[in-house]
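The values are calculated or read from the model by the stated rules, or taken from the named source; none is laboratory data. Just so it is clear, the model here is predicted, and its values are computed rather than measured. Please note: Cβ atoms are built from the backbone with ideal geometry, for glycine as well, and neighbour counts cover all protein chains shown.
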């Protein structure tokens, strides 16, 4: 089964400093990796994805993520943190499509446990 | 597009009552997912549909939970009878799946369910 792990429950950084939120994955085959952010009392919002291509993926709000196949990691990064970046961040992996007798099943997303990012003024 | 629309936003009910959560996916999306979020268990996939057909319901906790998708623009998640341990935020999400598309989901704002 495909899975992701977020080893840190919480990350604290000062505004203006670089931030990293860690994610490692375990998949069979090619990984399809995603990052989502959740603000209080809101649904999850898509930040970025890695499907194939460049190992550095750029996304929304100045975030980027680095895919590292040898370390099976997909860490989320931002060069300069903002207080408004404080939120809950989820890493996710999507199952690849599979064809079966009933048709094609497009893979589901499996989420990590989430990391609370707090950016201090 | 108004995005994925869930109703109600909040629901407080007594133990034993039936609860129905509703979701309207984004027009043109053909996959729909129901997730449950709690502090203890994080985000759990309950069930998902492709082209209105349930594909995987292995995450549905027990027979008290049921989900339907009668057409491409509407889905319900029903809990009958409800129990206090069902208290959580329930999210609906949709995406387009076609060919080799590997897209993420668009989430609704969720329904916060409290069973007392």
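Being free of Cβ contacts under 8 Å to residues at least 40 places away in the same chain and under 11 Å from the mean Cα position of the chain (by Cα), is that true of even one residue in the stretch A:66-85?
The first filter runs over the stretch A:66-85 and keeps only residues free of Cβ contacts under 8 Å to residues at least 40 places away in the same chain, leaving A:66-70, A:84.
If we keep only those that are under 11 Å from the mean Cα position of the chain (by Cα) as well, we get A:66-67.
Yes, the stretch A:66-85 contains at least one residue that is free of Cβ contacts under 8 Å to residues at least 40 places away in the same chain and under 11 Å from the mean Cα position of the chain (by Cα).
Results for (1) at pLDDT below 95; (2) surrounded by fewer than 19 Cβ atoms within 10 Å (Cβ to Cβ), shown as yes or no for each residue.
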| site | (1), (2) |
| --- | --- |
| B:8 | no, yes |
| B:14 | no, yes |
| B:25 | no, no |
| B:31 | yes, no |
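Only residues that are at pLDDT below 90, in contact with a strand residue (DSSP E or B) (Cβ under 8 Å, 6 or more places away or on another chain) and under 20 Å from residue B:113 (Cα atoms): list them for the stretch B:39-79, please.
Passing the criteria: B:42, B:61.
Run down A:52, A:72, A:110, A:115 and say which single residue is within 12 Å of chain B (Cβ to nearest Cβ) and farther than 28 Å from residue B:50 by Cα. Outline the logic, then answer.
Working: A:52 fails: farther than 28 Å from residue B:50 by Cα; A:72 fails: within 12 Å of chain B (Cβ to nearest Cβ); A:110 fails: farther than 28 Å from residue B:50 by Cα.
Being within 12 Å of chain B (Cβ to nearest Cβ) and farther than 28 Å from residue B:50 by Cα holds for just one of A:52, A:72, A:110, A:115, which is A:115.
Do the conditions hold for residue B:58, that is, is it surrounded by fewer than 19 Cβ atoms within 10 Å (Cβ to Cβ) and within 11 Å of the chain's Cα centre (by Cα)?
Values: surrounded by fewer than 19 Cβ atoms within 10 Å (Cβ to Cβ): yes; within 11 Å of the chain's Cα centre (by Cα): no.
No, not satisfied.
Can you go through A:31, A:7 and tell me which one is crowded, with 18+ Cβ neighbours inside 10 Å, more than 11 Å from the chain's Cα centre (by Cα) and within 15 Å of residue A:71 (Cα to Cα)? Break it down stepwise before answering.
Details: A:7 fails: crowded, with 18+ Cβ neighbours inside 10 Å.
Just a single option satisfies the conditions, and that option is A:31.
Each row is one residue, and each column tells you yes or no for (1) over 30 Å from residue B:5 (Cβ atoms); (2) within 12 Å of another protein chain (Cβ to nearest Cβ); (3) under 12 Å from the mean Cα position of the chain (by Cα); (4) free of Cβ contacts under 8 Å to residues at least 24 places away in the same chain.
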position: A:15; (1), (2), (3), (4): yes, no, no, no
position: A:22; (1), (2), (3), (4): yes, no, yes, no
position: A:36; (1), (2), (3), (4): no, yes, yes, no
position: A:56; (1), (2), (3), (4): yes, no, no, yes
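Just give me the residues in the stretch B:77-88 being under 11 Å from the mean Cα position of the chain (by Cα) and more than 24 Å from residue A:110 (Cβ to Cβ), in sequence order.
Once the filter is applied, which keeps residues that are under 11 Å from the mean Cα position of the chain (by Cα) and more than 24 Å from residue A:110 (Cβ to Cβ), the stretch B:77-88 yields only B:78.
If residue A:84 passes every condition in (1) surrounded by fewer than 19 Cβ atoms within 10 Å (Cβ to Cβ); (2) within 8 Å of chain B (Cβ to nearest Cβ) but one, which one does it miss?
(2)
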